[in-house]
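The values are calculated or read from the model by the stated rules, or taken from the named source; none is laboratory data. Everything quoted here is computed from the prediction, not taken from an experiment. Every residue, glycine as well, gets a Cβ built from its backbone with ideal geometry; the counts of neighbours run over all protein chains shown. The accessibility values were calculated without ligands, DNA or RNA, using every heavy atom of the protein model including side chains. Shrake-Rupley method; radii C 1.70, N 1.55, O 1.52, S 1.80 Å.
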Amino acid sequence: MEKSNSNYLKNLNENQHKSVINIDGPCLIVAGAGSGKTKVLTTRVAHILKTKKAWGNQILCVTFTNKAAKEMQNRVSGLINKSSSGIPWLGTFHSLSAKFLRKHASAVNLNSNFTIIDQDDQVRLIKNICKAKNIDIKKISPNFIIAVINTWKNKGLLPEKVIVNKSNVFEKGILDVYKIYQQKLLDLNVCDFGDLLLHCVTIFENNKDILDVYTNNFKYILVDEYQDTNFIQSKWLNLLASKNKNICCVGDDDQSIYSWRGAEIKNFLNFDKTYKKSKIIRLEQNYRSTQNILSAASSLISNNDGRLGKKLWTSGEAGELVNLSCYKNGKDEAINIADIIEKKLKKNFSLNNVAILVRAIFQTREFEERFLKMGIGYRIVGGTKFYERAEIKDCVSYLRLIFQKKDDLAFERIINNPKRSVGESSFKKINEYANKNKICLEDACHKLIQMNAIKPKTKQGILIFLNQLNKWRQDLLKNNHNKLLEVVLDESGYSAMLKNKKDLENENRLENIKELLNAMKEFNNLEGFLEHVSLATSIDQDWQGEKVNLMTMHASKGLEFDIVFLPGWEEGLFPHQKTIQERGDEGLEEERRLAYVGITRTKKKAYISFAMNRFYQGDWLGSFASRFIDELPNENIEKFDFDQNENKDFEFNQDLDYEEGARSPGWLRLQKKLKNK
């Protein structure tokens, strides 16, 4: 079909046009950032319908989010007459699986009116099972057990198919819970999210007649964000596409950044092996960013081996060079970035179009502090502001109560955190006595203990806590407030609670607490720090109008901004040391893809920076420029010397190989060179 024959095809570039009209047989569309993949997907659906290759209900469109499904539905509706061709099956993996499962629930011993439970329901069920099995949920949290079970489900493993090392008592214990949990779900006639796909795959594999219904019906299958699929999603697709093989998957292997939640990039890279005689079409023309940004991103990602390969380009302007800056420390980095926003960008850009993308969420703290001081509005996208995070509130509550014994709100938050056998009924008694006698909760505890009016186990827990409070108040007279918090976290058992409890979020919590200790060093005393926190949290709620966007690079995927700042490009922080230690070269390549995602979020100007020193995990560390900085092409970057406040052609090359994430001594030469200026 010629472009001129159909209006809906006229605005496509050459490769977009190929992607739309080649509808028969397996096809992988490698769609670079900002290359119009949603436009291609929706136009391809319209083309199938307009050329009468299939009716609407013979097309299956799979997305990852309900928002993406809704957007696709709206775009398709704008291109076709719904009444004449019917509506395609369009939804997420989970919503479509729920539809299939309702029809065939009996095949997996469910009733069609089954309920889909959320994570809160899962936690309650796991807690009950652990209680019956005498499993201590203080040592292994229900959330962690659920995460392991979800990992098995994402790999297509029902309990009877899970194989664990017999010497691994830890994993064997979770498998025992999984067996009971899965049977309980059936008994209750409920499913969790992982079951939706797992049950469908089980039905399709064990019931050829049911699978035939769908393979005969779905003539065309289209999949968005294919690089993010996991094992069970890939298997689900393979089964549904097994007859007609008219499957079109769209995605970008260079934006595969979710292995930590089960995504397997090999599904994307091995597409042509899974589907023989498949077509691979690359969308490389970018409609978002300037050429300098695209060239920097393309050069960086070309260092990955695990990719199909493409090079982004634009017909637009070259644009400004990518700004590359080195700062003395993390605080200077935050100060200078805030100054650039206030003095250079605010006049010409809306703050809503400015973003700061960090590798780890604890990095937001220094920017939040600076923005509060300067009166720059900001929002945390996909996360919680620093002083509003639960673990930070806990720490501050301990300090508030030590500083001022009548702070009943702080007392209430921490009296049973960590657990001290103070249940709801015990606290109610304390609270009622305090209100009746018009005294604070701490004094009420003392009185009730003297009256022997509290249960022995609870009494013991409260006594230990009250004695600790007295000791900490004495410690405050001898030690600085920063050291005091370390003592409190240690002696209260709060640190041990986070360290010992198997929970996927606890590593972030511990990093945030270390960042809090860093923040406290900037204040002369505890009173000054607590006043700062109070003002910061109250001011936070008053921002109106435009705001700078603060988020992790992971949270930024799919978004775009006029201006993007990428701070903290230091070895060990980015690429993250833990990722490399745990996953080696695969982990490093995913970190590089994350860098690529970060750079390609920007339309007009990118600022990359690193610090020579950073306060990290309680100590000042000499930092080393990220290896990714070496991989940026000199012709597309502008280097900036923070000391001289002007452009300088200093050398970033570190020259040495990295083994197991080792930091390169080559960076020391640059460090000395800058310090001597």
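Out of the residues in region 594-626 that are in contact with an Asp or Glu (Cβ under 6 Å, 6 or more places away or on another chain) and more than 16 Å from residue 570 (Cα to Cα), state the one that is surrounded by the fewest Cβ atoms within 10 Å (Cβ to Cβ).
Across region 594-626, the extreme among qualifying residues is 604.
So, residue 166, is that one more than 21 Å from residue 262 (Cβ to Cβ) and either open to solvent by 60 Å² or more (accessible area, probe 1.4 Å) or at pLDDT 90 or above (or both) or not?
Considered against the rule, which asks whether it is more than 21 Å from residue 262 (Cβ to Cβ) and either open to solvent by 60 Å² or more (accessible area, probe 1.4 Å) or at pLDDT 90 or above (or both), residue 166 comes out as yes.
Those residues that are open to solvent by 60 Å² or more (accessible area, probe 1.4 Å) and either within 28 Å of the chain's Cα centre (by Cα) or without any contact (Cβ under 8 Å) to a residue 40 or more places away in the chain (or both), I need them from region 172-187; list them, please.
Correct list: 172, 179, 183, 187.
Name the single residue that is nearest to residue 351 (Cα to Cα) among those in region 559-587 being assigned to a strand (DSSP E or B) and acidic (Asp, Glu).
Only one residue tops the list, namely 562.
Consider only pairs whose beta carbons are under 8 Å apart and that are at least six residues apart or on different chains; among these, list those whose first residue lies in region 55-68 and is within 20 Å of residue 24 (Cα to Cα) and whose second residue is aromatic (Phe, Trp, Tyr) and outside any strand (DSSP E or B).
Qualifying pairs under 8 Å: 58/218; 59/218; 60/218; 62/93.
Can you tell me which residue is modelled with the highest pLDDT among those in region 78-88 that are surrounded by 14 or more Cβ atoms within 10 Å (Cβ to Cβ) and assigned to a loop (DSSP other than H, G, I, E, B)?
Out of the qualifying residues, it is 88.
Restricting the search to region 314-337, which residues are within 13 Å of residue 563 (Cβ to Cβ) and in contact with a helix residue (DSSP H, G or I) (Cβ under 6 Å, 6 or more places away or on another chain)?
Within region 314-337, 319, 322 qualify.
Output the number of the condition that residue 410 fails; it satisfies all remaining conditions of (1) out of contact with any helix residue (DSSP H, G or I) (no Cβ under 8 Å at 6 or more places or on another chain); (2) within 30 Å of residue 525 (Cβ to Cβ).
It is condition (1) that residue 410 fails.
Only one of 457, 406, 419 is over 29 Å from residue 529 (Cα atoms) and surrounded by fewer than 17 Cβ atoms within 10 Å (Cβ to Cβ). Can you tell me which?
Sole residue among the options that is over 29 Å from residue 529 (Cα atoms) and surrounded by fewer than 17 Cβ atoms within 10 Å (Cβ to Cβ): 457.
Whether any residue in region 327-350 is open to solvent by less than 10 Å² (accessible area, probe 1.4 Å), over 30 Å from residue 15 (Cβ atoms) and among the charged types (D, E, K, R) is what I want to check.
So far as region 327-350 goes, yes, one or more of its residues are open to solvent by less than 10 Å² (accessible area, probe 1.4 Å), over 30 Å from residue 15 (Cβ atoms) and among the charged types (D, E, K, R).
Take the residues of region 57-77 that are assigned to a helix (DSSP H, G or I) and at pLDDT 90 or above: which is surrounded by the fewest Cβ atoms within 10 Å (Cβ to Cβ)?
57
Restricting attention to region 460-475, which residues are among the aliphatic types (A, V, I, L, M) and either in contact with a Gly (Cβ under 8 Å, 6 or more places away or on another chain) or open to solvent by less than 50 Å² (accessible area, probe 1.4 Å) (or both)?
462, 466, 469
How about region 16-35: which of its residues are under 15 Å from residue 278 (Cα atoms) and either assigned to a loop (DSSP other than H, G, I, E, B) or touching a residue at least 60 places away in the same chain (Cβ under 8 Å) (or both)?
Answer for region 16-35, where residues must be under 15 Å from residue 278 (Cα atoms) and either assigned to a loop (DSSP other than H, G, I, E, B) or touching a residue at least 60 places away in the same chain (Cβ under 8 Å) (or both): 18, 19, 22, 23, 24, 25, 26, 27, 28, 29, 30.
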